[in-house]
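The values are calculated or read from the model by the stated rules, or taken from the named source; none is laboratory data. Since the model is a prediction, treat every value here as computed from it, not as a measurement. Glycine also receives a Cβ, built like all others from the backbone with ideal geometry; neighbour counts cover every protein chain displayed.
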Amino acid sequence: MDVSGCSAIVTGGASGLGAATAGLLAERGVGVVVADLASQEERARSLLEGTGGAFAATDVTDAQQVIAAVEAAKDLGPLRVLVNCAGVGWATRTIGKDGQYESAHDLEIFKKVIEINLVGTFNCIRLAATAMSHNEPDGDGCRGAIVNTASVAAEDGQIGQAAYSASKGGIVGLTLPVARDLAVVGIRVNTILPGLIDTPIYGSGEASEQFKEKLGAAILFPKRLGQPSEYAALVWELVTNSYLNAATIRLDAGIRMQPK
């Protein structure tokens, strides 16, 4: 699929995987809208400086804010690309150590993780795809491409990851049926399951580097954390290669996560 002259939305695009993706798309001539929380505006505008891209303050669970991001993208060119990177994590065991009802996993936290990661992803898909359906198709009939971000936790969930793994497993589960739904209008849907990627969540400094080195030792090959640029490169392939559809791809150097 040719993306020249088109626009893209990258949710969670102000940092980490989203920032690497937004940067690569902008570098290759795509008009990028970074859809992220209002608190990330300064970081997003710095990333987009000189690219002609735009920032849209977006809570992915809010339909009107997502629609505003879609309209901002349409101002930059036909919206043909959506990359869903927005998400949160939370580590809590299902029951507490004291055996009391009150110490069981907080149900509101579970709901919040599902709401942002899974419901938010689908919210962005349904609204962006609606806009994409109006595009002129290319020679293959393609009108757009959507890339979702799940996690290897969808398949190798660790202790304390019930909410996170459920949300990411849900994204894997919706990939095929949504791809089937959207095939009629020529929109492809694929999902990446990143493994251990070197993003700001690991901090910085000597202790951080030692911790990342220890994590890397558990990876099959190469024995290092992945780079956000490697994630972005896979997004580019999923967007531009029109024969990739309804796929879930692990980007993890062969790691299989242990229980903890």
### Query
Somewhere in region 195-202, is a residue under 23 Å from Ser151 (Cβ atoms), of a type in the set (Phe, Trp, Tyr) and in contact with a helix residue (DSSP H, G or I) (Cβ under 9 Å, 6 or more places away or on another chain)?
yes
#### Entry: Residue in region 238-255 that is in a helix (DSSP H, G or I), free of Cβ contacts under 8 Å to residues at least 40 places away in the same chain and not hydrophobic (A, V, I, L, M, F, W, C) present
no
### Task
Please identify the pairs in which a residue from region 139-155 that is farther than 10 Å from Ser165 by Cβ has its Cβ atom under 8 Å from the Cβ atom of a residue that is surrounded by fewer than 20 Cβ atoms within 10 Å (Cβ to Cβ) and among the acidic types (Asp, Glu), counting only partners at least 6 apart or on another chain.
Arg143/Glu136
### Leading residue by the ranking (farthest from Leu225 (Cα to Cα)) among those in region 169-194 that are without any contact (Cβ under 8 Å) to a residue 24 or more places away in the chain and in contact with a helix residue (DSSP H, G or I) (Cβ under 9 Å, 6 or more places away or on another chain)
Asp181
### Query
Hey, any hits in region 160-181 for a residue that's of a type in the set (Asp, Glu), at pLDDT 95 or above and over 25 Å from Val88 (Cβ atoms)?
yes
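Conditions (1) part of a loop (DSSP other than H, G, I, E, B); (2) more than 18 Å from Ile201 (Cα to Cα), marked per residue:
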| residue | (1), (2) |
| --- | --- |
| Ala19 | no, no |
| Leu25 | no, yes |
| Val32 | no, yes |
| Ser39 | no, no |
| Glu42 | no, yes |
| Leu47 | no, yes |
| Ala56 | no, yes |
| Val60 | yes, yes |
### Task
Could you tell me which numbered condition Ala253 fails, if it satisfies all but one of (1) modelled with pLDDT of 95 or more; (2) surrounded by fewer than 17 Cβ atoms within 10 Å (Cβ to Cβ)?
(2)
### Members of region 27-41 that are of a type in the set (D, E, K, R), surrounded by 15 or more Cβ atoms within 10 Å (Cβ to Cβ) and farther than 14 Å from Gly120 by Cβ
Glu41
### Query
If you check every pair at least six apart or on different chains, which have Cβ atoms under 7 Å apart with a residue in region 73-97 that is at pLDDT below 95 first and a residue that is in a helix (DSSP H, G or I) second?
Gly89/Tyr164; Trp90/Ile109; Trp90/Val113; Trp90/Ala163; Trp90/Tyr164
### Message
Tell me yes or no: at least one residue of region 174-184 is of a type in the set (A, V, I, L, M) and either in a loop (DSSP other than H, G, I, E, B) or touching a Cys at 6+ places or on another chain (Cβ under 6 Å) (or both).
### Response
no
### Query
Can you tell me which residue in region 42-89 is surrounded by the most Cβ atoms within 10 Å (Cβ to Cβ), limited to those that are among the basic types (Lys, Arg) and farther than 15 Å from Gly12 by Cβ?
Arg80
### Summary
Flagged in region 167-211 as at positive phi and either touching a Gly at 6+ places or on another chain (Cβ under 7 Å) or among the aromatic types (Phe, Trp, Tyr) (or both), in numbering order, are Gly186
### Query
Can you name every residue in region 220-233 that is part of a helix (DSSP H, G or I) and either of a type in the set (Phe, Trp, Tyr) or crowded, with 19+ Cβ neighbours inside 10 Å (or both)?
Pro228, Tyr231, Ala232
### Given (1) farther than 24 Å from Ala8 by Cα; (2) surrounded by 23 or more Cβ atoms within 10 Å (Cβ to Cβ); (3) not aliphatic (A, V, I, L, M), number of the condition Cys124 does not satisfy
(1)
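Are any residues in region 241-258 touching a strand residue (DSSP E or B) at 6+ places or on another chain (Cβ under 8 Å) and either over 17 Å from Gly157 (Cα atoms) or not hydroxyl-bearing (Ser, Thr, Tyr) (or both), and if so, which ones?
Across region 241-258, the qualifying residues are Ser242, Leu244, Asn245, Ala246, Ala247, Ile249, Arg250, Leu251, Asp252, Ala253.
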